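*Asks:* For reference, the structure I am asking about is given below.
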Number of protein chains: 2
Amino acid sequence: MTEKPEPGVPLHFVVKTRLIELLDQLGEGAALPPERSLAKDFGVSRWTMRQAIRELTADGRLRARQGQGTFVATPKLIQPLALVSYTEALRAQGHDPGREVVGFDQIPADAVLAASLGIAEDDAVYRLERVLLADGQPIGLETTYLAVERFPTLREVLRPTGSLYRCLTDDLGVRFGEGEEVVETVIATPREAELLKATQSLPMLLLNRISRDTDGRTIETVRSLFRGDRVGFRATLRP
Amino acid sequence: MTEKPEPGVPLHFVVKTRLIELLDQLGEGAALPPERSLAKDFGVSRWTMRQAIRELTADGRLRARQGQGTFVATPKLIQPLALVSYTEALRAQGHDPGREVVGFDQIPADAVLAASLGIAEDDAVYRLERVLLADGQPIGLETTYLAVERFPTLREVLRPTGSLYRCLTDDLGVRFGEGEEVVETVIATPREAELLKATQSLPMLLLNRISRDTDGRTIETVRSLFRGDRVGFRATLRP
DNA sequence: AAGTGGTCTAGACCACTCC
DNA sequence: GAGTGGTCTAGACCACTTG
């Protein structure tokens, strides 16, 4: 930088702060100057500029598209943290929901899966993997596990593009009871990042859910991975 | 790397994968070899090795301590996502809770704060900032905002080291009703990272809470920032 | 072909901890 | 003082998008 070495404060953060001022001037969707020219303007190396841009990308303020440029992003999408249909929740907020089935197969249960589904190890388990879309953009990757023994006809009943939730309740007579969900941050694997059309090493929100029916039996376990730069969740707290 | 260029898969991820195998062999708390020697062993640059280590650090698998080394981390702490006392929740899990008051002052409300607290802009607001500790380690930074007009005696009644929740309910007769909380990922600012004794650019879990009393009036708004590598949250879902 | 973001190298210096 | 992780530079090549 030209002025004020600011001891203790990393250079990339000073850059980030000045970059935010620039962002606020530009409108939503506006294109940022190329990294190389920004680095030159700010008098820092490209690495330092990229570090600042990367943080703003993780924070959801910027979106980088390879071969095109970097753009000011739109605000995050806030979804309800509840046992409701993804489709309905998104539509209620005026967005266009979508799903793409990535895979639907059967695997033997490992120890953890067997314990949470209440079955024996190596028992057959459905694995349904879907990319969740909002307004055509991939925002999440949802992997659902169900015991084959409990839902032997699922393969014939479920239309992959339809709602699993609706299929279970309407066609198979399942009654959802309480569930629990653990939320944490993780870094996407390359495969996950690719499916979500995200750049590598993006912080994600990982939701691990167990759904039980009204008798307390486990219906499904779900591993949902959402782009941390695009999504947040709202929970209602009761005293 | 020595073998298999693996097109499409970034080198730092191949390193990360091999590093995980190494981690599983070492026990919890074990020291990792220094970055420079690891980079040499794996045949990559130090930057690439650091990228792999950084992701494992963000995932909570590793902990780096400057001047000491890098160590295999303990599992994340899972807290309930509910309107309960932080102290009680942590103690219930067999951990030792603690708090450190960073600041307690009054500020004029900006537009956002005024709207959520139901007061006029520039009205006085308490700002109570505390670092949350678990077993002596800082894991979160909690900033609470309350309207001065509503709790004029708070300053005299509250012992900074005590429970704010208990002070409000027992001493000031507040009855907590429903609240809501929005969860998302952000990158820590340098100040926040320093208070949490974390390395820069660490993904964090940001919880923005609004608590209301049984009449629906806003009691407080809370901005809680938790280390994403050390903490997760559990929510109970109702149909 | 040109320009963009994405990855990687080699080397440097700083800040911190321990001896 | 030696060794550790943390930051930064200058330069290179790759992958992708657009003309």
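The values are calculated or read from the model by the stated rules, or taken from the named source; none is laboratory data. Keep in mind that this is a model prediction, so the values were computed, not measured. With ideal geometry, Cβ positions are generated from the backbone for all residues, glycine too; neighbour counts draw on all protein chains shown. Note: areas computed on protein heavy atoms with side chains; ligands, DNA, RNA excluded. Shrake-Rupley method; radii C 1.70, N 1.55, O 1.52, S 1.80 Å.
*Asks:* Which of (1) farther than 30 Å from B:Leu202 by Cβ; (2) in contact with a helix residue (DSSP H, G or I) (Cβ under 7 Å, 6 or more places away or on another chain); (3) assigned to a loop (DSSP other than H, G, I, E, B); (4) without any contact (Cβ under 8 Å) to a residue 24 or more places away in the chain is the odd one out, the single condition A:Val174 does not satisfy?
*Replies:* Condition (4) is where A:Val174 drops out.
*Asks:* Return the total of residues in the range B:13-37 being part of a helix (DSSP H, G or I), away from chain A (no Cβ under 12 Å) and more than 12 Å from DNA strand C (Cβ to nearest atom).
*Replies:* 8
*Asks:* OK, next. Could you please find all residues in the range B:1-45 being at pLDDT 90 or above, among the basic types (Lys, Arg) and under 24 Å from A:Arg191 (Cα atoms)?
*Replies:* B:Lys16, B:Arg18
*Asks:* I would also like to ask the following. Is it the case that some residue within the range A:41-49 is within 9 Å of DNA strand D (Cβ to nearest atom), hydrophobic (A, V, I, L, M, F, W, C) and within 12 Å of chain B (Cβ to nearest Cβ)?
*Replies:* Yes, the range A:41-49 contains a residue that is within 9 Å of DNA strand D (Cβ to nearest atom), hydrophobic (A, V, I, L, M, F, W, C) and within 12 Å of chain B (Cβ to nearest Cβ).
*Asks:* Just to be sure I understand the filter: pairs with C-beta atoms under 8 Å, separated by 6 or more residues or on different chains, first member in the range B:4-28 and more than 13 Å from DNA strand D (Cβ to nearest atom), second member at pLDDT below 90 and among the acidic types (Asp, Glu). Which pairs pass?
*Replies:* B:Val14/B:Glu6
*Asks:* Considering each residue of the range A:51-68, count those that are within 16 Å of DNA strand D (Cβ to nearest atom), open to solvent by 40 Å² or more (accessible area, probe 1.4 Å), within 12 Å of chain B (Cβ to nearest Cβ) and touching a helix residue (DSSP H, G or I) at 6+ places or on another chain (Cβ under 7 Å), and give that number. Spell out the reasoning first.
*Replies:* Just the residues of the range A:51-68 that are within 16 Å of DNA strand D (Cβ to nearest atom), to begin with: A:51-56, A:58, A:63-68.
Add one more test, that the residue is open to solvent by 40 Å² or more (accessible area, probe 1.4 Å), and what stays is A:54, A:63-68.
Those left that are additionally within 12 Å of chain B (Cβ to nearest Cβ): A:54.
Then drop every residue that is not touching a helix residue (DSSP H, G or I) at 6+ places or on another chain (Cβ under 7 Å), which leaves none.
Matching residues across the range A:51-68 total 0.
*Asks:* Now a separate question. Consider A:Leu206 carefully, then state whether it is within 13 Å of chain B (Cβ to nearest Cβ) and either under 21 Å from B:Val231 (Cα atoms) or small (Gly, Ala, Ser) (or both).
*Replies:* yes
*Asks:* Same structure again: Does the range A:173-191 contain any residue that is more than 14 Å from chain B (Cβ to nearest Cβ) and open to solvent by less than 80 Å² (accessible area, probe 1.4 Å)?
*Replies:* Restricting attention to the range A:173-191, the residues satisfying the condition of being more than 14 Å from chain B (Cβ to nearest Cβ) are A:173.
Imposing the further condition that a residue be open to solvent by less than 80 Å² (accessible area, probe 1.4 Å) reduces the set to A:173.
Yes.
*Asks:* Which is open to solvent by less than 10 Å² (accessible area, probe 1.4 Å) and within 27 Å of A:Gly98 (Cβ to Cβ), of A:Leu146, A:Leu133? Spell out the reasoning first.
*Replies:* Values: A:Leu133 fails: open to solvent by less than 10 Å² (accessible area, probe 1.4 Å).
Unique residue meeting the criteria: A:Leu146.
Every residue, every condition in (1) in a strand (DSSP E or B); (2) aliphatic (A, V, I, L, M), yes or no:
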| site | (1), (2) |
| --- | --- |
| B:Leu141 | yes, yes |
| B:Phe151 | no, no |
| B:Arg159 | no, no |
| B:Val182 | yes, yes |
| B:Thr185 | yes, no |
| B:Gln200 | no, no |
| B:Arg209 | yes, no |
